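Colleague: I am attaching a structure below and will ask some questions about it afterwards.
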Amino acid sequence: MNKDKVVLITGGSKGIGLRTANEFSKQGYTVLINYRQNDQFVHDLVHQMSETHKNKVYAIKGDISEPLECERMVNEIWRLVKSVDILIHNAGPYVKERISFDEYTPEQWNYIVNGNLNSVFYLTRLIIPKMREKKWGRIITFGYDRVETAPGWIYRSAFAAAKAGLASFTKTISIEESSNGITANMVCPGDIIGEWKEEDIEVAKEETDFSTPIGRPGTGEDLARVILFLCKDESDFITGSVIPVTGGKDVLGKVFHK
């Protein structure tokens, strides 16, 4: 039963994370929404979500890029629930400005790498023992188009390097934890931007996007439906996979100039 399973979504108060949280909430899961700021907004969000879908929803404030913060958050989580069955690593900083690798300061570089790669290690190592005890777990990470081939992504060097490392780490987890009933997969969004991150597929079907082969914008629902499928009991044969959700678009090929 879905109501017996707990899902933790990092960065779950907005964008694709929020759209994913809503999908799991609709299905009756107990949902833990990790966030960093806007306390009142998140408090109202959690209340509304639980009232609408009649499930348990909790807000967990904290910075996943800090090891001690992760430990504090997980201790808080264990006071609320017995285990986390599904861990969705949605949060991760991204620099919109197009800058070459030498324009990063060491502090900027470490901020991107730490938030997109190290944070997954910090949190997963604390959550996974409970999954092992139950012999069941689902771990989802986020990448970018063709990340498993470690392609160069011009003016996105720190983000690309972190996500390429994360793709390898995700595959390693899938192998090491396979005997424990735990799967690990990566999803790779296409150009899902702005308000589309929280939008429905049906709304997108009314719009035209000539830059995407299927002809419409991508939405948060596109990602959330894939994630939901990967987290089902019956999806246990899918692990170590890197799954593009791009509408057929060549995400990297369009970035050539500043």
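The values are calculated or read from the model by the stated rules, or taken from the named source; none is laboratory data. Note that this is a predicted model, so its numbers are computed, not measured. As a convention, Cβ positions derive from the backbone with ideal geometry for all residues, glycine included, and neighbour counts pool all protein chains shown.
Colleague: I'd like the residue in segment 151-206 that is in a loop (DSSP other than H, G, I, E, B) and at pLDDT 95 or above and, out of all such residues, is nearest to GLY115 (Cα to Cα).
Modeller: So the residue we want is GLU177.
Colleague: Given the options LEU87, LEU32, name the one that is at pLDDT 95 or above, under 23 Å from VAL245 (Cβ atoms) and not in a loop (DSSP other than H, G, I, E, B).
Modeller: Residue meeting the stated conditions: LEU87.
Colleague: Okay, next question. Report yes if some residue within segment 37-44 is part of a loop (DSSP other than H, G, I, E, B), under 21 Å from the mean Cα position of the chain (by Cα) and either of a type in the set (Phe, Trp, Tyr) or modelled with pLDDT under 95 (or both); otherwise report no.
Modeller: yes
Colleague: Exactly one of these conditions fails for GLY115: (1) farther than 20 Å from ARG36 by Cα; (2) within 15 Å of the chain's Cα centre (by Cα). Give me its number.
Modeller: So GLY115 meets the others, but not (1).
To keep it simple, each residue is scored yes or no on (1) in contact (Cβ under 8 Å) with a residue 60 or more places away in the chain; (2) farther than 27 Å from ILE238 by Cβ; (3) surrounded by fewer than 17 Cβ atoms within 10 Å (Cβ to Cβ).
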residue	(1), (2), (3)
VAL74	no, no, no
VAL95	yes, yes, yes
TYR111	no, yes, yes
ALA167	yes, no, no
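Colleague: Okay, next question. Using the structure shown, decide if VAL31 is farther than 16 Å from ALA224 by Cα, out of contact with any His (no Cβ under 8 Å at 6 or more places or on another chain) and buried (at least 18 other Cβ atoms within 10 Å of the Cβ).
Modeller: On the way: farther than 16 Å from ALA224 by Cα: no; out of contact with any His (no Cβ under 8 Å at 6 or more places or on another chain): yes; buried (at least 18 other Cβ atoms within 10 Å of the Cβ): yes.
Considered against the rule, which asks whether it is farther than 16 Å from ALA224 by Cα, out of contact with any His (no Cβ under 8 Å at 6 or more places or on another chain) and buried (at least 18 other Cβ atoms within 10 Å of the Cβ), VAL31 comes out as no.
Colleague: A further question follows. Just to verify a result, which residue in segment 207-226, among those that are in a loop (DSSP other than H, G, I, E, B) and among the β-branched types (Val, Ile, Thr), is surrounded by the most Cβ atoms within 10 Å (Cβ to Cβ)?
Modeller: Let us first name the residues in segment 207-226 that are in a loop (DSSP other than H, G, I, E, B), namely 207-219.
Checking the rest, the ones that are also among the β-branched types (Val, Ile, Thr) come to 208, 212, 214, 219.
Working: THR208: 10, THR212: 18, ILE214: 14, THR219: 27.
That would be THR219.
Colleague: Whether any residue in segment 51-71 is among the polar types (S, T, N, Q) and surrounded by 15 or more Cβ atoms within 10 Å (Cβ to Cβ) is what I want to check.
Modeller: Checked segment 51-71: at least one residue is among the polar types (S, T, N, Q) and surrounded by 15 or more Cβ atoms within 10 Å (Cβ to Cβ).
Here is a yes/no grid of residues against (1) under 19 Å from ILE9 (Cα atoms); (2) in contact with a strand residue (DSSP E or B) (Cβ under 9 Å, 6 or more places away or on another chain); (3) not hydrophobic (A, V, I, L, M, F, W, C):
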site: PRO93; (1), (2), (3): yes, no, yes
site: TYR104; (1), (2), (3): no, no, yes
site: TYR111; (1), (2), (3): no, no, yes
site: SER119; (1), (2), (3): yes, yes, yes
site: LEU126; (1), (2), (3): yes, no, no
site: PRO129; (1), (2), (3): yes, no, yes
site: GLU133; (1), (2), (3): no, no, yes
site: ILE139; (1), (2), (3): yes, yes, no
site: PHE142; (1), (2), (3): yes, yes, no
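Colleague: Quick check on ILE192: is it under 22 Å from ILE33 (Cβ atoms) and crowded, with 19+ Cβ neighbours inside 10 Å?
Modeller: Yes; evaluated as a whole, the condition is true for this residue.
Colleague: Continuing with the same structure: Being assigned to a loop (DSSP other than H, G, I, E, B) and surrounded by 18 or more Cβ atoms within 10 Å (Cβ to Cβ) is the filter here, so list the residues in segment 227-250 that pass it.
Modeller: Listed by number, the residues that qualify are CYS231, THR239, THR246, GLY247, LYS249.
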